[in-house]
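So the structure is just underneath, and the comments pick up after that.
The values are calculated or read from the model by the stated rules, or taken from the named source; none is laboratory data. As the structure is a computational prediction, the values presented were derived from the model and not from experiment. All Cβ positions, even for glycine, are placed from backbone atoms using ideal geometry, and neighbour counts span all protein chains on display. Note: areas computed on protein heavy atoms with side chains; ligands, DNA, RNA excluded. Shrake-Rupley method; radii C 1.70, N 1.55, O 1.52, S 1.80 Å.
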Protein chains: 2
Amino acid sequence: MSTRPPQLSPTELAAYFAFTEVSSLLRHAVEKQLREAGKLSYVQFQLLARLRDAPGGSQRMTDLADDLVYSRSGLTYQAQLLEQRRLLTRAPSPEDERSTIAAITDEGREVLAKVFPGHIEVVSSLLFESLAEQDVEVLARVMTQVSGHLRANPPRSATRKRSSDSARRVSTREP
Amino acid sequence: MSTRPPQLSPTELAAYFAFTEVSSLLRHAVEKQLREAGKLSYVQFQLLARLRDAPGGSQRMTDLADDLVYSRSGLTYQAQLLEQRRLLTRAPSPEDERSTIAAITDEGREVLAKVFPGHIEVVSSLLFESLAEQDVEVLARVMTQVSGHLRANPPRSATRKRSSDSARRVSTREP
DNA sequence: TATTGTTATACTCTATAACTATA
DNA sequence: TATAGTTATAGAGTATAACAATA
(Lines give C-alpha, C1' and ligand atoms only; values in the text may rest on other atoms or scores of the structure.)
Protein backbone atom coordinates (compact mmCIF):
# COMPACT_ATOMS: atom_id res chain seq x y z
CA MET A 1 0.00 0.00 0.00
CA SER A 2 1.19 3.47 -0.76
CA THR A 3 1.63 5.29 2.50
CA ARG A 4 0.47 8.85 2.61
CA PRO A 5 2.56 11.29 4.60
CA PRO A 6 1.24 11.67 8.14
CA GLN A 7 1.00 15.42 7.81
CA LEU A 8 -0.58 17.76 5.35
CA SER A 9 1.78 20.21 3.73
CA PRO A 10 1.16 23.87 4.46
CA THR A 11 -0.31 24.26 1.01
CA GLU A 12 -2.59 21.30 1.53
CA LEU A 13 -3.69 22.67 4.86
CA ALA A 14 -4.49 26.02 3.33
CA ALA A 15 -6.39 24.36 0.52
CA TYR A 16 -8.32 22.16 2.91
CA PHE A 17 -9.30 24.94 5.27
CA ALA A 18 -10.37 27.27 2.51
CA PHE A 19 -12.21 24.49 0.76
CA THR A 20 -14.25 23.53 3.79
CA GLU A 21 -15.02 27.12 4.61
CA VAL A 22 -16.24 27.86 1.11
CA SER A 23 -18.15 24.63 0.99
CA SER A 24 -19.85 25.30 4.27
CA LEU A 25 -20.83 28.88 3.55
CA LEU A 26 -22.00 28.11 0.05
CA ARG A 27 -24.09 25.23 1.25
CA HIS A 28 -25.64 27.37 3.91
CA ALA A 29 -26.54 30.11 1.46
CA VAL A 30 -27.90 27.68 -1.10
CA GLU A 31 -30.09 25.98 1.48
CA LYS A 32 -31.47 29.26 2.60
CA GLN A 33 -32.30 30.32 -0.93
CA LEU A 34 -33.97 27.01 -1.77
CA ARG A 35 -36.00 27.11 1.41
CA GLU A 36 -37.20 30.64 0.85
CA ALA A 37 -37.80 30.41 -2.88
CA GLY A 38 -39.42 27.00 -3.05
CA LYS A 39 -39.65 25.47 0.41
CA LEU A 40 -37.17 22.86 -0.71
CA SER A 41 -34.42 21.32 1.33
CA TYR A 42 -31.12 20.81 -0.44
CA VAL A 43 -31.69 17.09 -0.71
CA GLN A 44 -35.16 17.60 -2.13
CA PHE A 45 -33.74 19.97 -4.70
CA GLN A 46 -31.11 17.46 -5.71
CA LEU A 47 -33.75 14.78 -5.91
CA LEU A 48 -35.96 16.79 -8.22
CA ALA A 49 -33.06 18.00 -10.31
CA ARG A 50 -31.84 14.47 -10.77
CA LEU A 51 -35.24 13.26 -11.82
CA ARG A 52 -35.61 16.10 -14.25
CA ASP A 53 -32.32 15.18 -15.89
CA ALA A 54 -33.04 11.46 -15.94
CA PRO A 55 -34.52 9.91 -19.09
CA GLY A 56 -38.29 10.01 -18.84
CA GLY A 57 -38.01 12.21 -15.78
CA SER A 58 -38.00 9.10 -13.65
CA GLN A 59 -35.65 6.80 -11.79
CA ARG A 60 -35.68 3.87 -9.43
CA MET A 61 -35.67 4.66 -5.73
CA THR A 62 -32.58 2.59 -5.07
CA ASP A 63 -30.62 4.30 -7.81
CA LEU A 64 -31.61 7.65 -6.43
CA ALA A 65 -30.48 6.61 -2.98
CA ASP A 66 -27.17 5.38 -4.32
CA ASP A 67 -26.48 8.55 -6.23
CA LEU A 68 -27.27 10.79 -3.32
CA VAL A 69 -25.37 8.81 -0.68
CA TYR A 70 -28.61 8.31 1.09
CA SER A 71 -30.14 5.59 3.17
CA ARG A 72 -33.23 4.08 1.62
CA SER A 73 -35.48 4.99 4.48
CA GLY A 74 -34.24 8.54 4.29
CA LEU A 75 -35.06 8.64 0.63
CA THR A 76 -38.51 7.22 1.27
CA TYR A 77 -39.09 9.96 3.78
CA GLN A 78 -38.10 12.73 1.38
CA ALA A 79 -40.01 11.15 -1.48
CA GLN A 80 -43.12 11.04 0.68
CA LEU A 81 -42.81 14.73 1.41
CA LEU A 82 -42.38 15.56 -2.25
CA GLU A 83 -45.22 13.27 -3.23
CA GLN A 84 -47.54 14.97 -0.76
CA ARG A 85 -46.71 18.23 -2.46
CA ARG A 86 -47.35 16.56 -5.82
CA LEU A 87 -43.86 17.37 -7.01
CA LEU A 88 -43.23 13.74 -7.86
CA THR A 89 -45.15 10.49 -8.16
CA ARG A 90 -44.22 6.97 -7.17
CA ALA A 91 -45.38 3.84 -8.91
CA PRO A 92 -44.23 0.23 -9.00
CA SER A 93 -41.99 -0.67 -11.90
CA PRO A 94 -43.65 -2.67 -14.68
CA GLU A 95 -40.51 -4.75 -15.15
CA ASP A 96 -39.84 -5.57 -11.54
CA GLU A 97 -42.73 -5.26 -9.17
CA ARG A 98 -40.39 -4.87 -6.27
CA SER A 99 -39.02 -1.61 -7.57
CA THR A 100 -40.57 1.81 -7.23
CA ILE A 101 -40.15 4.36 -9.95
CA ALA A 102 -40.19 7.98 -8.90
CA ALA A 103 -41.11 10.50 -11.54
CA ILE A 104 -41.08 14.26 -11.46
CA THR A 105 -44.40 15.96 -12.16
CA ASP A 106 -45.12 19.15 -14.06
CA GLU A 107 -45.56 20.86 -10.75
CA GLY A 108 -42.17 19.57 -9.74
CA ARG A 109 -40.66 21.06 -12.86
CA GLU A 110 -42.40 24.32 -12.11
CA VAL A 111 -40.93 24.49 -8.66
CA LEU A 112 -37.50 23.79 -10.05
CA ALA A 113 -37.98 26.50 -12.63
CA LYS A 114 -39.11 28.91 -9.97
CA VAL A 115 -36.16 28.18 -7.76
CA PHE A 116 -33.46 28.02 -10.35
CA PRO A 117 -32.74 31.68 -11.12
CA GLY A 118 -32.10 32.45 -7.49
CA HIS A 119 -30.02 29.34 -7.17
CA ILE A 120 -27.83 30.39 -10.07
CA GLU A 121 -27.61 33.83 -8.61
CA VAL A 122 -26.32 32.52 -5.28
CA VAL A 123 -23.79 30.17 -6.79
CA SER A 124 -22.71 32.74 -9.25
CA SER A 125 -22.25 35.57 -6.80
CA LEU A 126 -20.71 33.54 -4.01
CA LEU A 127 -18.57 31.03 -5.81
CA PHE A 128 -17.69 32.54 -9.15
CA GLU A 129 -17.95 36.29 -8.91
CA SER A 130 -14.45 36.81 -7.62
CA LEU A 131 -12.81 34.32 -9.94
CA ALA A 132 -11.18 34.96 -13.28
CA GLU A 133 -12.27 32.80 -16.17
CA GLN A 134 -9.06 30.85 -15.98
CA ASP A 135 -9.58 30.17 -12.31
CA VAL A 136 -12.97 28.70 -13.05
CA GLU A 137 -11.47 26.45 -15.68
CA VAL A 138 -8.78 25.31 -13.31
CA LEU A 139 -11.30 24.73 -10.56
CA ALA A 140 -13.45 22.66 -12.87
CA ARG A 141 -10.49 20.59 -13.91
CA VAL A 142 -9.22 19.96 -10.39
CA MET A 143 -12.63 19.21 -8.91
CA THR A 144 -13.48 16.88 -11.75
CA GLN A 145 -10.21 15.12 -11.15
CA VAL A 146 -10.95 14.63 -7.47
CA SER A 147 -14.53 13.67 -8.17
CA GLY A 148 -13.36 10.92 -10.47
CA HIS A 149 -10.91 9.77 -7.85
CA LEU A 150 -13.69 9.55 -5.28
CA ARG A 151 -15.93 7.58 -7.60
CA ALA A 152 -13.11 5.18 -8.29
CA ASN A 153 -12.29 4.75 -4.61
CA PRO A 154 -15.56 4.65 -2.73
CA PRO A 155 -15.17 5.33 1.00
CA ARG A 156 -15.09 1.68 2.03
CA SER A 157 -18.51 1.67 3.67
CA ALA A 158 -20.27 2.27 0.41
CA THR A 159 -18.54 -0.74 -1.10
CA ARG A 160 -20.29 -3.43 0.83
CA LYS A 161 -23.32 -3.48 -1.41
CA ARG A 162 -22.72 -4.17 -5.03
CA SER A 163 -21.25 -7.59 -4.91
CA SER A 164 -21.08 -10.19 -7.61
CA ASP A 165 -23.81 -10.16 -10.11
CA SER A 166 -24.85 -6.65 -10.95
CA ALA A 167 -21.73 -4.61 -11.10
CA ARG A 168 -22.26 -0.94 -11.03
CA ARG A 169 -21.95 1.17 -14.09
CA VAL A 170 -18.99 3.42 -13.69
CA SER A 171 -18.63 6.57 -15.63
CA THR A 172 -15.41 5.47 -17.22
CA ARG A 173 -15.67 4.45 -20.81
CA GLU A 174 -13.79 1.36 -21.71
CA PRO A 175 -12.91 0.67 -25.31
CA MET B 1 -25.94 45.47 -7.86
CA SER B 2 -23.52 44.19 -10.43
CA THR B 3 -25.34 42.20 -13.01
CA ARG B 4 -24.39 38.59 -13.17
CA PRO B 5 -25.28 36.55 -16.22
CA PRO B 6 -28.50 34.61 -15.67
CA GLN B 7 -26.86 31.37 -16.66
CA LEU B 8 -23.78 29.55 -15.58
CA SER B 9 -21.31 28.84 -18.32
CA PRO B 10 -20.66 25.18 -19.11
CA THR B 11 -17.35 25.44 -17.32
CA GLU B 12 -18.97 27.02 -14.28
CA LEU B 13 -21.60 24.33 -14.28
CA ALA B 14 -18.99 21.61 -14.39
CA ALA B 15 -17.01 23.29 -11.64
CA TYR B 16 -20.08 23.68 -9.47
CA PHE B 17 -21.28 20.12 -9.87
CA ALA B 18 -17.89 18.61 -9.23
CA PHE B 19 -17.34 20.94 -6.30
CA THR B 20 -20.56 20.00 -4.57
CA GLU B 21 -20.02 16.33 -5.18
CA VAL B 22 -16.53 16.41 -3.74
CA SER B 23 -17.64 18.54 -0.87
CA SER B 24 -20.49 16.23 -0.02
CA LEU B 25 -18.52 13.01 -0.20
CA LEU B 26 -15.58 14.43 1.69
CA ARG B 27 -17.81 15.77 4.41
CA HIS B 28 -19.54 12.43 4.72
CA ALA B 29 -16.27 10.54 5.02
CA VAL B 30 -14.82 13.01 7.50
CA GLU B 31 -17.90 12.83 9.69
CA LYS B 32 -17.76 9.08 9.72
CA GLN B 33 -14.12 9.05 10.71
CA LEU B 34 -14.61 11.59 13.47
CA ARG B 35 -17.56 9.69 14.85
CA GLU B 36 -15.77 6.38 14.88
CA ALA B 37 -12.41 7.62 16.08
CA GLY B 38 -13.57 10.03 18.76
CA LYS B 39 -17.36 10.11 18.92
CA LEU B 40 -17.22 13.66 17.65
CA SER B 41 -19.60 15.33 15.28
CA TYR B 42 -18.06 17.56 12.67
CA VAL B 43 -19.21 20.67 14.47
CA GLN B 44 -17.78 19.44 17.75
CA PHE B 45 -14.48 18.77 16.06
CA GLN B 46 -14.40 22.25 14.60
CA LEU B 47 -15.27 23.66 17.97
CA LEU B 48 -12.44 21.91 19.73
CA ALA B 49 -9.98 22.62 16.94
CA ARG B 50 -10.82 26.28 17.04
CA LEU B 51 -10.38 26.44 20.79
CA ARG B 52 -7.09 24.65 20.57
CA ASP B 53 -5.81 27.19 18.09
CA ALA B 54 -7.13 30.18 20.00
CA PRO B 55 -4.81 32.03 22.36
CA GLY B 56 -5.13 30.49 25.81
CA GLY B 57 -7.16 27.66 24.32
CA SER B 58 -10.29 29.65 25.01
CA GLN B 59 -12.80 31.87 23.30
CA ARG B 60 -16.10 33.60 23.91
CA MET B 61 -19.24 31.68 23.06
CA THR B 62 -20.53 34.39 20.77
CA ASP B 63 -17.30 34.53 18.83
CA LEU B 64 -17.36 30.80 18.42
CA ALA B 65 -20.92 30.95 17.16
CA ASP B 66 -20.04 33.68 14.72
CA ASP B 67 -17.07 31.83 13.34
CA LEU B 68 -18.97 28.63 12.87
CA VAL B 69 -22.10 30.17 11.37
CA TYR B 70 -24.03 28.80 14.24
CA SER B 71 -27.02 29.89 16.21
CA ARG B 72 -26.23 30.59 19.83
CA SER B 73 -28.62 28.04 21.16
CA GLY B 74 -27.09 25.45 18.87
CA LEU B 75 -23.67 26.31 20.17
CA THR B 76 -24.89 26.09 23.75
CA TYR B 77 -26.21 22.63 22.99
CA GLN B 78 -22.92 21.40 21.54
CA ALA B 79 -20.90 23.04 24.29
CA GLN B 80 -23.03 21.26 26.86
CA LEU B 81 -22.30 17.93 25.27
CA LEU B 82 -18.60 18.62 25.16
CA GLU B 83 -18.62 19.91 28.71
CA GLN B 84 -20.31 16.74 29.92
CA ARG B 85 -17.51 14.78 28.35
CA ARG B 86 -15.02 17.11 30.02
CA LEU B 87 -13.53 18.10 26.69
CA LEU B 88 -14.08 21.76 27.45
CA THR B 89 -15.06 23.98 30.34
CA ARG B 90 -17.26 27.03 30.50
CA ALA B 91 -16.85 29.92 32.87
CA PRO B 92 -18.06 33.50 33.02
CA SER B 93 -15.62 36.07 31.70
CA PRO B 94 -13.84 38.14 34.36
CA GLU B 95 -14.09 41.24 32.20
CA ASP B 96 -17.71 40.97 31.23
CA GLU B 97 -19.89 38.84 33.44
CA ARG B 98 -22.40 38.39 30.65
CA SER B 99 -19.93 36.52 28.52
CA THR B 100 -19.03 32.88 28.80
CA ILE B 101 -15.54 31.72 27.99
CA ALA B 102 -15.17 28.23 26.67
CA ALA B 103 -11.78 26.59 27.13
CA ILE B 104 -10.48 23.31 25.82
CA THR B 105 -9.28 20.87 28.47
CA ASP B 106 -6.35 18.46 28.39
CA GLU B 107 -8.82 15.70 27.72
CA GLY B 108 -10.14 17.73 24.84
CA ARG B 109 -6.66 18.03 23.42
CA GLU B 110 -6.19 14.31 23.84
CA VAL B 111 -9.31 13.54 21.88
CA LEU B 112 -8.18 15.88 19.14
CA ALA B 113 -4.80 14.20 19.07
CA LYS B 114 -6.41 10.81 18.92
CA VAL B 115 -8.67 11.78 16.07
CA PHE B 116 -6.24 13.78 14.03
CA PRO B 117 -4.16 11.13 12.26
CA GLY B 118 -7.22 9.48 10.84
CA HIS B 119 -8.63 12.83 9.89
CA ILE B 120 -5.51 13.71 7.97
CA GLU B 121 -5.56 10.30 6.38
CA VAL B 122 -9.11 10.78 5.10
CA VAL B 123 -8.52 14.26 3.75
CA SER B 124 -5.24 13.24 2.28
CA SER B 125 -6.47 10.14 0.52
CA LEU B 126 -9.78 11.54 -0.66
CA LEU B 127 -8.97 15.10 -1.53
CA PHE B 128 -5.28 15.24 -2.33
CA GLU B 129 -4.13 11.81 -3.37
CA SER B 130 -5.06 12.21 -7.00
CA LEU B 131 -3.77 15.75 -7.33
CA ALA B 132 -0.41 16.92 -8.54
CA GLU B 133 1.44 19.36 -6.35
CA GLN B 134 0.64 22.18 -8.70
CA ASP B 135 -3.03 21.34 -8.57
CA VAL B 136 -2.96 21.62 -4.82
CA GLU B 137 -1.32 25.01 -5.04
CA VAL B 138 -3.87 26.20 -7.53
CA LEU B 139 -6.69 24.84 -5.43
CA ALA B 140 -5.37 26.62 -2.38
CA ARG B 141 -5.09 29.86 -4.28
CA VAL B 142 -8.55 29.70 -5.80
CA MET B 143 -10.29 28.59 -2.62
CA THR B 144 -8.54 31.26 -0.60
CA GLN B 145 -9.65 33.79 -3.14
CA VAL B 146 -13.28 32.70 -2.86
CA SER B 147 -13.07 32.45 0.88
CA GLY B 148 -11.90 36.03 1.06
CA HIS B 149 -14.69 37.07 -1.23
CA LEU B 150 -17.22 35.38 1.04
CA ARG B 151 -15.84 37.02 4.12
CA ALA B 152 -16.02 40.39 2.43
CA ASN B 153 -19.60 39.81 1.27
CA PRO B 154 -21.33 37.99 4.07
CA PRO B 155 -24.58 36.27 3.04
CA ARG B 156 -26.81 39.05 4.30
CA SER B 157 -28.23 37.13 7.24
CA ALA B 158 -24.92 37.12 9.03
CA THR B 159 -24.53 40.83 8.51
CA ARG B 160 -27.15 42.31 10.70
CA LYS B 161 -25.16 42.40 13.83
CA ARG B 162 -22.23 44.71 13.91
CA SER B 163 -24.18 47.62 12.56
CA SER B 164 -25.09 49.84 15.43
CA ASP B 165 -26.37 52.04 12.67
CA SER B 166 -30.11 52.19 12.31
CA ALA B 167 -30.17 51.56 8.61
CA ARG B 168 -32.73 48.85 8.76
CA ARG B 169 -35.62 50.48 10.51
CA VAL B 170 -37.10 51.19 7.14
CA SER B 171 -38.38 47.77 6.29
CA THR B 172 -39.55 46.98 9.76
CA ARG B 173 -43.26 46.71 10.11
CA GLU B 174 -44.86 47.84 13.28
CA PRO B 175 -48.44 47.35 14.43
C1' DT C 1 -32.05 49.38 26.51
C1' DA C 2 -28.78 46.33 24.47
C1' DT C 3 -26.04 42.29 24.83
C1' DT C 4 -24.80 37.49 26.29
C1' DG C 5 -26.11 33.21 27.00
C1' DT C 6 -29.40 29.55 28.39
C1' DT C 7 -33.78 27.12 28.30
C1' DA C 8 -37.97 25.38 26.37
C1' DT C 9 -39.67 23.65 22.48
C1' DA C 10 -40.76 22.13 18.00
C1' DC C 11 -39.24 20.47 13.81
C1' DT C 12 -36.29 18.35 10.26
C1' DC C 13 -33.32 15.00 8.96
C1' DT C 14 -30.94 10.58 9.17
C1' DA C 15 -30.08 5.82 10.28
C1' DT C 16 -31.13 1.05 12.05
C1' DA C 17 -34.02 -2.73 12.31
C1' DA C 18 -38.15 -5.12 11.51
C1' DC C 19 -41.34 -6.04 8.17
C1' DT C 20 -43.86 -6.94 3.46
C1' DA C 21 -43.77 -8.21 -1.20
C1' DT C 22 -41.76 -9.68 -4.94
C1' DA C 23 -37.94 -12.23 -7.54
C1' DT D 1 -32.66 -16.66 -0.29
C1' DA D 2 -31.92 -12.14 -1.91
C1' DT D 3 -33.63 -7.67 -3.24
C1' DA D 4 -36.68 -3.31 -3.13
C1' DG D 5 -39.07 -0.56 -0.48
C1' DT D 6 -41.71 1.00 3.59
C1' DT D 7 -42.60 1.58 8.44
C1' DA D 8 -41.55 2.18 13.19
C1' DT D 9 -38.69 4.41 15.92
C1' DA D 10 -35.06 6.63 18.11
C1' DG D 11 -31.58 10.05 18.15
C1' DA D 12 -28.96 14.03 16.65
C1' DG D 13 -28.92 18.66 15.22
C1' DT D 14 -30.85 23.16 14.40
C1' DA D 15 -33.55 27.25 14.92
C1' DT D 16 -36.92 30.47 17.21
C1' DA D 17 -38.69 32.65 21.04
C1' DA D 18 -38.96 33.59 25.81
C1' DC D 19 -36.17 34.42 29.53
C1' DA D 20 -32.46 35.94 33.17
C1' DA D 21 -28.44 38.31 34.14
C1' DT D 22 -25.31 41.83 33.21
C1' DA D 23 -23.70 46.06 30.89
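Of note:
- Cα centroid of the stretch B:61-106 to Cα centroid of the stretch A:95-149, whole Å: 36
- Secondary-structure-derived ellipticity at 222 nm for chain B, considering helices only, amounts to -19000 deg cm²/dmol, per-run term -39500 (n - 2.57) for DSSP H runs with n ≥ 4.
- Label-point separation in nm, B:Asn153 to A:Arg72, each point 7 Å along Cα→Cβ: 4.5
- Whole-percent carbon and sulfur share, accessible surface of the stretch A:12-53, 1.4 Å: 53
- Surface accessible to a 1.4 Å probe, B:Asp106 within the full protein complex, Å²: 110
- Subset of A:Lys32/B:Lys39; A:Lys39/B:Lys32; B:Lys32/B:Lys114 violating a 18 Å alpha-carbon distance limit: A:Lys32/B:Lys39; A:Lys39/B:Lys32
- Span-rule helices in chain A, defined as complete DSSP H runs reaching 30 Å or more along the axis (Cα) with Kyte mean at least -1.0: A:10-38
- The interface between chain A and chain B buries about 5500 Å² of solvent-accessible area in total (1.4 Å probe, ligands and nucleic acids excluded).
- Across peptide B:117-126, the mean count of Cβ atoms from other chains lying within 10 Å of each residue's own Cβ comes to 4.
- Note on the protein assembly as shown: dipole from Cβ charges, positive end direction compared against A:Thr20, A:Ser147, B:Phe128; the farthest Cα belongs to A:Thr20.
- 10 Å Cβ neighbours from other chains, averaged over peptide A:26-32: 4
- Normalised Debye scattering of the stretch B:10-115 at q = 0.16, 0.18, 0.21 Å⁻¹ gives log10 I(q)/I(0) of -0.73, -0.86, -1.07, counting only Cα atoms as equal scatterers and leaving out solvent.
- Look at the stretch B:130-139: the mean tally of other chain Cβ atoms within 10 Å of its residues' Cβ atoms is 6.
- Over chain B, accessible surface divided per residue gives 60 Å², non-protein components excluded, 1.4 Å probe.
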